[in-house]
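Below is one structure, written out as structure tokens; the observations come after it.
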Amino acid sequence: MVDLLTLGNLINTTLVFSTALIFAALGGVFSERSGIVNIGIEGLMVFGAFAAAVGTHFAEEAGMGGASPWVGLLTGLIVGVLGSLIHAVATITFKADQTISGVVINFLATGITLYLVKLLFDGAGETPLLLETFSKVNWEWFAGIPVIGPILGVGIINSYPTTYVAIILVAVVYYVMYKTKFGLRLRSVGEHPSAADTMGINVKRMRYIGVMLSGALAGLGGATVTLTTTSLFSHTTISGQGFIAIAAMIFGKWNPLGVFGAAVFFGFSQAIRNYVQLFAWSASIPQDFILMLPYVLTILVLVVAIGKSRAPAALGEAYDPGKR
């Protein structure tokens, strides 16, 4: 029973770490399926994490109680969209290099959020600790089911509301991407924008929508970290998750279902890092090696997957209607 409980807790921790990656990687799918490379996912997550902390804090001060984290989540989404507009204007309207623009977003997010934290909270390096954050949905009676109870009840069912939202969103994004006219148009501008333009599809508008959706979802991913794991925002709240989300998007072949599997895999690598430290034999391993485990796995997966994944044909290419 102890082993089953350990397995259940490992699964639960995996889902906690996976949730933000699922949101951010799905956001990357929207942007890159439209043909716009979005290296700035990390920075957009930083914007979302910051906005969620600030929005929740002021909602608490306004006496909104349990609704405060939902206000923070919405604030993270909105600020993520606003941040993505910088990338959209630069790359779509002014045809700037998409990779450079994404790197700028990452630097801008780190700098401006730290400045605003110091400005809003009297020079502090982090926001105040949030009193109202998301709590896990507790279904105690599941844990009493023989054999599968600890795994199902403790591991899967006993999760944060944001985890449920992320899993549902995987199905929604898959349906939108492959079963709707909007999804077909979005994919067409990422594969052959001139042909899409010939068919009457507004390429710039579709790409703007794709990038803005990526900002919204990356903002949700960053907000999730603040509202479930850290309970505050500092310069280390988002530390590489955006890049891991990009790796999950590539490993998942820009498909929402593949992205979900890849995000869970990377979430597991982060969870196992924590569990390794519980065993006595881990004391002989330098702490830095244990902490770098998720990033080493990310690199290894990218090395294996990058040659087997086919990116959208027009990814990274600025569209000029005068050149068809």
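The values are calculated or read from the model by the stated rules, or taken from the named source; none is laboratory data. What you see is a predicted model, and the numbers here were worked out from it, not measured in a lab. Because the Cβ atoms are built from the backbone with ideal geometry, glycine has one as well, and the counts that use them run over all protein chains shown.
The listed residues are A218, A166, and the only one of them that is buried (at least 24 other Cβ atoms within 10 Å of the Cβ) and in contact with a Ser or Thr (Cβ under 7 Å, 6 or more places away or on another chain) turns out to be A166. The residues on offer are I11, I39, I22, and the sole one that is aliphatic (A, V, I, L, M) and buried (at least 24 other Cβ atoms within 10 Å of the Cβ) is I22. Kindly indicate whether any position in the range 99-107 is surrounded by 17 or more Cβ atoms within 10 Å (Cβ to Cβ), closer than 17 Å to G35 by Cα and at pLDDT 95 or above. Yes. Exactly one residue out of V2, V16 is under 13 Å from A263 (Cα atoms), at pLDDT below 95 and surrounded by fewer than 24 Cβ atoms within 10 Å (Cβ to Cβ), and it is V16. Among the residues of this structure, T13 counts as one that is touching a residue at least 40 places away in the same chain (Cβ under 8 Å) and touching a helix residue (DSSP H, G or I) at 6+ places or on another chain (Cβ under 7 Å). Residues being under 22 Å from A166 (Cβ atoms), of a type outside the set (A, V, I, L, M), surrounded by fewer than 17 Cβ atoms within 10 Å (Cβ to Cβ) and in contact with an Asp or Glu (Cβ under 7 Å, 6 or more places away or on another chain) are represented in the range 59-67 by at least one member.
Residue-wise test of (1) modelled with pLDDT of 90 or more; (2) closer than 28 Å to T6 by Cβ.
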position: Q241; (1), (2): yes, yes
position: I246; (1), (2): yes, no
position: I250; (1), (2): yes, no
position: A263; (1), (2): yes, yes
position: N274; (1), (2): no, yes
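Within the option set T237, T229, being in contact (Cβ under 8 Å) with a residue 40 or more places away in the chain and crowded, with 21+ Cβ neighbours inside 10 Å holds for one residue only, T237. Select from the range 276-314 the residues that are part of a loop (DSSP other than H, G, I, E, B) and either at pLDDT 75 or above or of a type in the set (A, V, I, L, M) (or both) and list them in ascending order. If the condition is that a residue be part of a loop (DSSP other than H, G, I, E, B) and either at pLDDT 75 or above or of a type in the set (A, V, I, L, M) (or both), then L278, I285, P286, M292, I306, R310, A311, P312, A313, A314 are the ones that fit. Name the residues in the range 129-182 that are more than 26 Å from A52 (Cβ to Cβ), at pLDDT 90 or above and not in a helix (DSSP H, G or I), would you? T180, the sole residue that qualifies. Taken together, the residues in the range 179-202 that are surrounded by 23 or more Cβ atoms within 10 Å (Cβ to Cβ) and either under 17 Å from S84 (Cβ atoms) or aliphatic (A, V, I, L, M) (or both) amount to 4. What number of residues within the range 110-126 are within 22 Å of the chain's Cα centre (by Cα) and exposed (fewer than 15 other Cβ atoms within 10 Å of the Cβ)? Total meeting the criteria: 1. Do we have T224 as under 14 Å from A49 (Cβ atoms) and either in contact (Cβ under 8 Å) with a residue 60 or more places away in the chain or touching a Leu at 6+ places or on another chain (Cβ under 8 Å) (or both) here? Answer is yes for this residue.
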